[in-house]
Amino acid sequence: MANVQFENLFKNYGDVKAVEDFNLKIADGEFIVLVGPSGCGKSTTLRMIAGLEDITAGNIYIDDSLINKVHPKDRDIAMVFQNYALYPHLSVKDNISFGLRAQKLPKMEVENRVLEASETLGLQGLLSRRPGELSGGQKQRVAMGRAIVRNPKVFLFDEPLSNLDAKLRHKMRAEMKKLHKQVGTTTIYVTHDQIEAMTLADRIVIMKDGVIEQVGTPNEVYKKPNNIFVASFIGTPAMNFFEGKVKSCSKSLTTITLKDQKEIKLTSNIFEKDQDIIFGIRPEDISVNLDKKGKMKDSIEIDAVISVIEPMGHETIVICDSNYGELTGKVESSHTLKENMNVKLIIKEEKIYQFDKMSEKNLLL
Amino acid sequence: MSSNVHMIERLEKINPKKVIIWTLLFIGSIIMVTPIIFMVSMSFKTGQEVYIFSLFPEKATFDNYLFVLKESKFLYWGLNSLWVATFSTLSVLFFDSLVGYTLAKYNFRGREIVFIAILSTLMIPTEMLIIPWYMMSREFGWIDTYWGIAFPGLMTGFGTFLMRQFFMSLPDELIEAARIDGWSEFAIWWKIAMPLVIPALSALAIFHFLGNWTAFLWPLIITNDPDMYTIPVGLASFNGENETNWEIVMTASCLATIPTLFVFIILQKYIIKGIMLAGLKG
Ligand SMILES: Nc1ncnc2c1ncn2[C@@H]1O[C@H](COP(=O)(O)OP(=O)(O)O)[C@@H](O)[C@H]1O
Ligand SMILES: [Mg+2]
């Protein structure tokens, strides 16, 4: 068990800046998820912790000791690769015990530890098989077994579930969480899937182009995104955005002109005159109404036409065309909504995110 | 009933393209096999009968075999050949794959230059190297020694190239996983990389062993003592100045083929068995 710390970490591949000024403190036992679109430097960061990649600049500490120059085998980490990297010519048992045998542990101890790990992961019946004779989920378990049997200070996972089908991925996600509860080892987990990140993480690190955009608990990054990128990356379906311009602002009332010259008034004074604003609203905060009720207090009303309906069981995704572009709502399925219907989208003012168009920063923070 | 279905399926499968391919292959194999059949046939003929064109000897005899095995030095030569070819093949398997692995999986300055230099040795014909090899051997006293016969083939550019290509297709993650698991670089090569390229190693072993087994020019030059001859050199020594006893040459050739058959039979199953990437991906 250990804490992990990054100080001004940089990684360049020639001219490509894969990781830029990465700073983070990971507490002992924490489950940290690095998430971001493909190519944003997640794997590179993980591989620098593992010692598989040289560090261009900066420091990494495990358990408060600097490990920049420490050989991978002496860092006391275990890594699970996206393609599992099981040794094809070795049995499951030998795959799991391969690292222990390198440490020249007594035979009995190796045996016991392998048994223990295979019990934890339900691999008992598979120990004599070769990786080629395993299903995707079983391979994934073996890869996990190889990691936990070493009882390392830190687990590193690089998209370990992305080769599984959706159902299995869900199941393994839950097992992953359970396992972490059981062993409590500090875990750094890389994924491009924000749902995985939200469900697994104690804290999420959202990256883009090698830079950390935000660090926070799942709740924080969902409720208080630092900027437009984080807001659009977290949550499915993604947040809706539409533009506005500040027409006038007084102490307690700001008037903002939308694209179709409609004006809305907000009771806040965080704006400057003529500032370009981007509003964000999550699909789950849009209510789709058929009847033309009178205007509700502190809310915006948008006329729209339903273009697509995506039923998902107890919820339905409603995609609408409006003067502000495409807006997506998520509603309960009891609605009798049909495609091509005219509807009113009602948005509570308090649910609206407000970003500066220039800096893309969240103005409400 | 079911056999009828099979018949119909078979008939449907016959198409002109296949007929042509099969015909060509058949002709090809006849051309390849005929000399071998005559070799075997002649080894059972008597001296007088050798020049009669017939597939089956009128009176089959084992005398040739007795002569080759008992009266000539064939068994010496066979052991010489076996020893040199085996030693040389093991050496090539070890060093070529070690160098090939290094070129494929490590990034170091000058890697490309080293690779191109090794590759360019493929373009130099053996005949050109024989004089420097010979002078070197004379200097070091390697004439009429096993080492002298074997040393030019202990590492080959071709084998290095072949092994590099195979190692390049090994996923880096396997090596990285083993590195994290705590094994030394040499152990990773030996325990992880090598077992996964067994098909390539088998192919290389067959090529190299056969090449060595049939090598003629260099062993002829480096050996003077008939006790040190390899089989091809020994076979050539059956050619007298005035006449050649073809039945003896053919008999010795038949015997010389047997070990190569064994090598091929033992190793070919590893070539076919591709376990390469079975452990990766879901
Ligand atoms: N070995 C490498 N050589 C050159 N560029 C690389 C190498 N590895 C990664 N990169 C680049 O670094 C960036 C980050 O890559 P990576 O960390 O693999 O992204 P992620 O895992 O987030 O998808 C990408 O632009 C990628 O092209
Ligand atoms: Mg990656």
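Annotation: lysines with alpha-carbon distance below 16 angstrom to B:K59 (same-chain offsets under eight excluded): B:K45. Principal-axis analysis of the Cα atoms of chain A puts helix A:166-183 at an angle of about 60° to the longest axis. Evaluated on segment B:98-220, the Kirkwood hydrodynamic radius is 16.5 Å, with distances taken between all distinct Cα atoms.
Taking 20 °C and 1.002 mPa s as conditions, the protein assembly as shown diffuses translationally at an estimated 68 µm²/s according to Stokes-Einstein applied to its Kirkwood radius (Cα pairs).
Cross-link partners of B:K105 among lysines, defined as those whose alpha carbon lies under 17 angstrom from its own and excluding same-chain residues fewer than eight positions apart: B:K191. Remark: mean inter-chain Cβ contacts per residue of A:61-74 equal 1, using a 10 Å Cβ-Cβ cutoff to other protein chain atoms.
Counted by Cβ distance under 14 Å from A:R129, the other residues give a net charge of +2, where Lys and Arg count +1 and Asp and Glu count -1. Computed over the alpha carbons of segment A:4-233, Rg followed by Dmax gives 17.6, 55 Å.
A straight chain from A:K251 to A:A166 at 0.36 nm per residue would run longer than the Cα-Cα distance by 25.5 nm. The rule of thumb for compact globular proteins, 2.2 N^0.38 Å, goes into the C-alpha radius of gyration of segment A:279-365 1.13 times. Shielding of peptide A:87-93 by partners, expressed as the average count of other chain Cβ atoms within 10 Å per residue Cβ, is 5.
Taking 24 Å as the straight-line reach from the Cα of A:K338, the lysines in range (excluding those fewer than 8 positions away in the same chain) are A:K292, A:K293, A:K295, A:K330, A:K348. Oblate is the label for segment B:216-268, because a/c, from the alpha-carbon gyration tensor with a ≥ b ≥ c as root eigenvalues, is 1.5 or above and a/b does not exceed b/c. Of the residues A:T236, A:M176, A:L121, the one whose Cα sits farthest towards the positive end of the charge dipole of chain A is A:L121 (charges of +1 on Lys and Arg Cβ, -1 on Asp and Glu Cβ, taken about the Cα centre). No solvent, one uniform scatterer per C-alpha: report log10 I(q)/I(0) for segment B:63-278 via the Debye equation at q = 0.12 1/Å, two decimals. Here the Debye-derived log intensity ratios amount to -0.74.
In chain A, taking the dipole from charged Cβ atoms about the Cα centre, the farthest positive-side position among A:G58, A:C320, A:V142 is held by A:V142.
Once the Cα atoms are used to define both axes, helix A:107-121 deviates from the longest principal axis of chain A by about 30 degrees. Comparing segment A:324-363 with the 2.2 N^0.38 Å rule of thumb, its C-alpha radius of gyration ratio is 1.61 (two decimals).
Checking an interface number: how much accessible area is buried between B and A, summed over both chains, with a 1.4 Å probe, in Å² rounded to 100? Walk me through the intermediate numbers first.
Values: alone 17980 and 18100 Å², together 33800 Å².
About 2300 Å² of accessible surface is lost on pairing.
Listed peptides A:198-210, A:254-266 appear in the order A:198-210, A:254-266 once ranked by packing, highest mean of other Cβ atoms within 10 Å at the front. A Förster distance of 60 Å, applied to the separation of the beta-carbon atoms of A:L363 and B:A117, puts the FRET efficiency at 0.40. Figure legend: label point modelled 7 angstrom from the Cα of B:M32 along Cα→Cβ; residues of segment B:221-256 with amide N under 19 Å from it are B:254. Taking every residue in A:79-86 and counting other chain Cβ atoms within 10 Å of its Cβ, the average works out to 6. Between helix A:136-148 and chain A there is an angle of about 70 degrees, using the helix long axis and the longest principal axis of the Cα atoms.
Evaluated at 4 °C with a viscosity of 1.567 mPa s, what Stokes-Einstein diffusion coefficient in µm²/s does segment A:227-340 have when Rh comes from the Kirkwood expression over alpha-carbon pairs?
84 µm²/s
Looking at chain B, do any whole DSSP H helices span at least 27 angstrom along their long axis by alpha carbon and average -1.0 or above on Kyte-Doolittle, and which? Long hydrophobic helices here: B:16-43, B:74-105, B:246-272. Entry note: segment B:131-195 has Rg to Rh equal to 1.25, where both radii use alpha-carbon atoms and Rh is the Kirkwood radius. When Rg and the Kirkwood Rh are both derived from Cα coordinates, the Rg/Rh ratio for segment B:42-145 amounts to 1.21.
The values are calculated or read from the model by the stated rules, or taken from the named source; none is laboratory data. Because the structure is predicted, anything quoted here is derived from the model rather than measured. In this analysis, Cβ positions are derived from the backbone assuming ideal geometry, glycine residues included, and neighbour counts consider all displayed protein chains. SASA here: full protein model, heavy atoms, side chains in, ligands and nucleic acids out. Shrake-Rupley method; radii C 1.70, N 1.55, O 1.52, S 1.80 Å.
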